[in-house]
There are 4 protein chains.
Amino acid sequence: MLHFDSDYMAGAHPAIIERLAATNLEMTPGYGTDSYTENACALLSDATGNHLSSIYLLIGGTQTNSTVIGALLRGPEAVIAPDTGHIFVHEAGAIEATGHKVLTIPSDKGKITAAQIEQYMKDFNADDTWEHMAIPAMVYISFPTEFGTLYSLRELEAIADTCRRFSLKLYLDGARLAYGLASEWCDVTIKDLGRLCDAFYVGGTKAGTLFGEAVVIKHPDYAPHFFTHIKRSGALLAKGRLLGLQFETMFASGFKLFLECGRTGVERALALRAAFEAKGFQPAIDSPTNQQFFTLPNAVIDKIAKSATFEYWGPRGKESSTVRFVTSWATKEEDIASLAKVIPIA
Amino acid sequence: MLHFDSDYMAGAHPAIIERLAATNLEMTPGYGTDSYTENACALLSDATGNHLSSIYLLIGGTQTNSTVIGALLRGPEAVIAPDTGHIFVHEAGAIEATGHKVLTIPSDKGKITAAQIEQYMKDFNADDTWEHMAIPAMVYISFPTEFGTLYSLRELEAIADTCRRFSLKLYLDGARLAYGLASEWCDVTIKDLGRLCDAFYVGGTKAGTLFGEAVVIKHPDYAPHFFTHIKRSGALLAKGRLLGLQFETMFASGFKLFLECGRTGVERALALRAAFEAKGFQPAIDSPTNQQFFTLPNAVIDKIAKSATFEYWGPRGKESSTVRFVTSWATKEEDIASLAKVIPIA
Amino acid sequence: MLHFDSDYMAGAHPAIIERLAATNLEMTPGYGTDSYTENACALLSDATGNHLSSIYLLIGGTQTNSTVIGALLRGPEAVIAPDTGHIFVHEAGAIEATGHKVLTIPSDKGKITAAQIEQYMKDFNADDTWEHMAIPAMVYISFPTEFGTLYSLRELEAIADTCRRFSLKLYLDGARLAYGLASEWCDVTIKDLGRLCDAFYVGGTKAGTLFGEAVVIKHPDYAPHFFTHIKRSGALLAKGRLLGLQFETMFASGFKLFLECGRTGVERALALRAAFEAKGFQPAIDSPTNQQFFTLPNAVIDKIAKSATFEYWGPRGKESSTVRFVTSWATKEEDIASLAKVIPIA
Amino acid sequence: MLHFDSDYMAGAHPAIIERLAATNLEMTPGYGTDSYTENACALLSDATGNHLSSIYLLIGGTQTNSTVIGALLRGPEAVIAPDTGHIFVHEAGAIEATGHKVLTIPSDKGKITAAQIEQYMKDFNADDTWEHMAIPAMVYISFPTEFGTLYSLRELEAIADTCRRFSLKLYLDGARLAYGLASEWCDVTIKDLGRLCDAFYVGGTKAGTLFGEAVVIKHPDYAPHFFTHIKRSGALLAKGRLLGLQFETMFASGFKLFLECGRTGVERALALRAAFEAKGFQPAIDSPTNQQFFTLPNAVIDKIAKSATFEYWGPRGKESSTVRFVTSWATKEEDIASLAKVIPIA
């Protein structure tokens, strides 16, 4: 059986497993005070070009979102997200559990625009009852989005500029950042993120580590006592060096392994897309990254499902349905070839 | 200047002020353990026809909503509300501050239907990722709604039935209940609410008390330690007898004063509507209660604004805008007559 | 029956009831945007001598504590309180409900010292594991304390100085402030509180209003969006002018009525104490304010209980127990005389 | 340098690293829906003898404590802990962050007794103001405690019985359970814990896994929607099979590896203790598990510190200080021998 359900089905890139094994019996102090973590953070700090930033290694994506958003917002402040954003749809109310409302802007294939944010804030400010409403204080976007799409540098700069003008912090969810940065269509760099975002994270879990998300906060004052806040959020790993070692491996030599993992995932995704196109099926969304969506006749879906696993995107329709295929650093060329063989002709 | 901004601009019905003054120097125990409170609760308990219910007197509407919803929901459970619901729009994230997400269903003039709730739950249950989403466990509706509209008994029964079938608690916000029950178009009684709702409140603040909202919870098990929860929510009034005395006055003799206040407000609202219609302006919403909405040319609005205060409903438009006029128990016949004089002909 | 259970058993000072009645049918805008509130806040602002402070009128004590503390603390920050402090013992976990830990210092008759705070912080800072502990960021004290005792100006200045040195905000619970300021033994003024405290409140409920606590926050930056935070906390009164009018009445003419209420309560308390002393019973605590504590033989307690209500302070002992008698602005001279008659000779 | 700072300084038992490497490129579904997790849970379920229990694999200890306690408590309910309990001292307010107060009972070397709990509850119930206080609804204990001590089966049964009589849920923190169960002085089994505790967890992190804590909840009704609650708490591992595989390895063949790891740690600890005793230093606490405490002259401490790392237990004293040495499954016989050589004679 072939697997395209998600980008976290395999373990870690073998290079990581090797280093875990090699260093296993070393004794290091806990909670991220080890030298692996120090190195990993320094590598990321260098990459962002901002040596004042605070860098912390957390374990998972939802955890990172609620820990960071909970730290940066105060009392009645709220975060604006695309209505398809992970924090709004698929985090079980984790942000609200920290006491903060998630406000939404309708997204186009996962993306929102600077103009939408500006309009939202103008409407809010023009509302006589604004003081009775949760105060928008942050914008959350995903890169790539939940639909595999990317913001261009120009779009991101416009969003960042709008955020600054309306005193909104900009937070970018980089759970799949590897597959964004590695895409040919991407003109954004980590340095850009460091410059434009008040906070963002570099996802490890989907990119080839066993787990781990590396958070960058632009300035320590944004989240006072953030280490203790991580502890309080249940997000502090006792054997923190496991995170350090994995990200050090990923980030060494100019993010070599991280980008390589990203490139593999994207290449496989484009090959997968080509395989569908070759059979006459156009993608439902023009995604340049490792998630590919197709609206297919149910009969086609059922046929492919005999050989491969993947997810429905929304409910199964009467005649046709939209499905998602996800590749990753662990997808092999022959997986795509095998899949291509079981896709019937349109 | 005439005032139609809201239904809480005056103090209390004179009968209440009189009793407050007459009993002012009495010494009673605190926190609602006095006999006034006991009487008020017994009167409401009788009216609901459910002597197992728990009745508590709180101070304000947002406070009541967050205290009750926070008590009835657990952990990842969420409340479904119309997207125009007060808890979603105008409570500054008070529900989210208790850790719970507010999910929304698009409303039609403030109302949602049993069919919409059913569809929402079917979609939720059919979603493969439902366990990663906040769990819908309650439905919130307002009666009358934020647009002055009412649910019929049949609609309410259908909603209650759907809630039961999907294990959703039904909670009804009765901030303006007086103006609902007193409307000719209303076929719902307090006994119906006691039968159909898992929790609801009878609003005092807008109906003629200085403040106060009387909460009915169908069964004590729904909210264990609710008294202590009220205290913890900062919602416990030290001189609780002030609430008891006001509601006792309102509820005595079969809710006589409560319904009288409601009737006055509705009569004035209908007279106000007639005054607009007489000048050729049709209401924007067909509201049978104490809130009336009109979309008027800005010139008309500006002219009326010289003699009366009222609220814009949404932003001011380029040529015309929607405005809201609210009456109450304290609106006098001559106020409407005076207003009628300043409404220009369409 | 005589009543000495608490200082919130009667309604309000008659001057307040009179003004409530006289202004009852006025129409004012809601939520504290009325001119009564504006006046009350200006009077208090003047008294503190700090025109940059933010002043807000809330409803009750527990509500005020959790709303203010919740606004001033962030994430993992905690508040240090005497172990007898109201927020630690008798607020049903309201502070914890906002997500913040209450740390404690052993109190001496309700009071803690600057030296204790300094030692606490030195120990905390010297603890290698401090980053894994809630971060002390505020000190809470009551004035008068829960035992009726007072801090001297010198003690308060030392505490404020220690707080400043350790970056702790100083918050003072003035639920019974009237009975403190009016005591002969008090050398602290409202201006001192405005100078020394980062936040404090002037209690109305126990001092002669129906309800209400007036909060002073030294600088608006300490609690951004505080109005919205009040709303979110369920602490915003719709008919806010009720609070404004009561405090305006209290604070007019240099806090005339407020201090008069305080003085009456203290005079009655000292007369009550003298009545006990005359019968040979010494107070358990040397309290210069309106709460008086006595450890009495159970037989004496039982005898007095036939004519008066009061509270046990802790559990009833085998032979003797400690009880508390509370006076207020509403206690009459003849109440003390009547009580004196039923106190047996020791 | 020798390391005795904590029991989480090394990676994982080599058997775990081997299996991680061997299974690394397998593709499994996420979030604990894989067969490794299923097996691990079944093994633990068998061991507890309660097939109705809910078993979930979480990542870390503080996370587990706040997730479980937050799920089992409602609104104003609080948890009673020893005043030395990890949740009270060293979790940065994580429990309070879920809205619940931690109440304390003075511990004797980490332990509390059934009699203390009974007295606490009797005092609470006898307090006239109990409804204004957080409601004790759970007891938290650690096994072994933070001081290395153990409850006997008889003590545990008495505590469980007292909890049942006062409607308190009993929750046991088993972060170091391996070192408890493997101690000769322990007469408690996992089956006993399954019988006596309403919830407990079996610690992996300190016992030889890379990370992971296995939670047992006696009945699913205690924590409705617990999976979603885990997600909301940021405690759900995407690659859940990593937890499953580690605990399956630990629990296979009757907890063979788990107990072996425990035994190694305890043996080394007793050897370490003997080494100190041989030099004339008695332990400060009679601990039968993997933590050993000594009060030593500072000169002795400084000498040992040249060759070994360990922690101060409390602040360094003027002449002598208390220090803690922790062993684990990863401590080697020669580590103890090397340490013995650098301990001076008393």
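The values are calculated or read from the model by the stated rules, or taken from the named source; none is laboratory data. These numbers come from a predicted model, not from an experiment. Cβ placement follows ideal geometry from the backbone for every residue including glycine, while neighbour counts extend to all protein chains displayed. Accessible surface is based on the protein model in full, side chains and every heavy atom, while ligands, DNA and RNA are left aside. Shrake-Rupley method; radii C 1.70, N 1.55, O 1.52, S 1.80 Å.
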For label points placed 7 Å from Cα toward Cβ, what is the shortest-first list of nm distances from D:Ala299 to its copies? 6.5, 9.3, 10.2
Roughly how big is the stretch B:64-139's charge dipole about its Cα centre, with Cβ charges of +1 (Lys, Arg) and -1 (Asp, Glu), in debye to the nearest 20? 260
For peptide A:21-32, what's the mean number of Cβ atoms from other chains within 10 Å of each residue's Cβ? 6
With only helices counted (DSSP H, runs n ≥ 4, each -39500 (n - 2.57)), the per-residue ellipticity at 222 nm for chain D, to the nearest 500, works out to -12500 deg cm²/dmol
In the neighborhood of B:Leu296, defined by Cβ-to-Cβ distances under 12 Å, what is the net charge if each Lys or Arg adds +1 and each Asp or Glu adds -1? +2
Under the definition of partner shielding as Cβ atoms of other protein chains within 10 Å of a residue Cβ, what is the mean value for peptide D:220-232? 6
Suppose you put the label 7 Å out from Cα in the Cβ direction; list, shortest first and in nm with one decimal, how far D:Ala126 is from each other copy's label. 3.8, 6.2, 6.7
Projecting the Cα atoms of B:Ser152, B:Trp185, B:Ser35 onto the charge dipole of chain B, where Lys and Arg contribute +1 and Asp and Glu -1 at Cβ, the residue farthest towards the positive end is B:Ser35
Where nothing but the Cβ of Lys and Arg (+1) and of Asp and Glu (-1) is charged, how large is the charge dipole of chain A around its Cα centre, in debye to the nearest 20? 500
How much of the DSSP bridge set in chain A is antiparallel, in percent, rounded to the nearest 5? 55
Can you find, among C:Phe293, C:His225, C:Thr64, the residue farthest towards the positive end of the dipole of chain C? Put +1 on the C-beta of Lys and Arg, -1 on that of Asp and Glu. C:Phe293
Put a point 7 Å out from Cα along the line to Cβ at D:Ala278; what are the distances to that point in the other copies, in nm, shortest first? 7.2, 8.0, 10.8
Counting DSSP beta bridges with both ends in the protein assembly as shown, the antiparallel % (nearest 5): 55
Sorted by average packing, counted as other Cβ atoms within 10 angstrom per residue and highest first, what order do C:133-139, C:64-70 take? C:64-70, C:133-139
Pairwise centroid distance, computed over Cα atoms, of the stretch D:83-121 with the stretch A:109-128, Å: 47
Could you compute how much accessible area chains C and B hide from each other, both sides summed, with a 1.4 Å probe? Nearest 100 Å² is fine. 3700
Residue closest to axis [chain D; rotation mapping onto C; Cβ; Å]: D:Glu96, 2
In this model, which of A:Lys303/A:Lys332; C:Lys122/C:Lys231; B:Lys239/D:Lys101; B:Lys206/B:Lys239 are farther than 30 Å apart at the alpha-carbon? C:Lys122/C:Lys231
10 Å Cβ neighbours from other chains, averaged over peptide B:3-9: 5
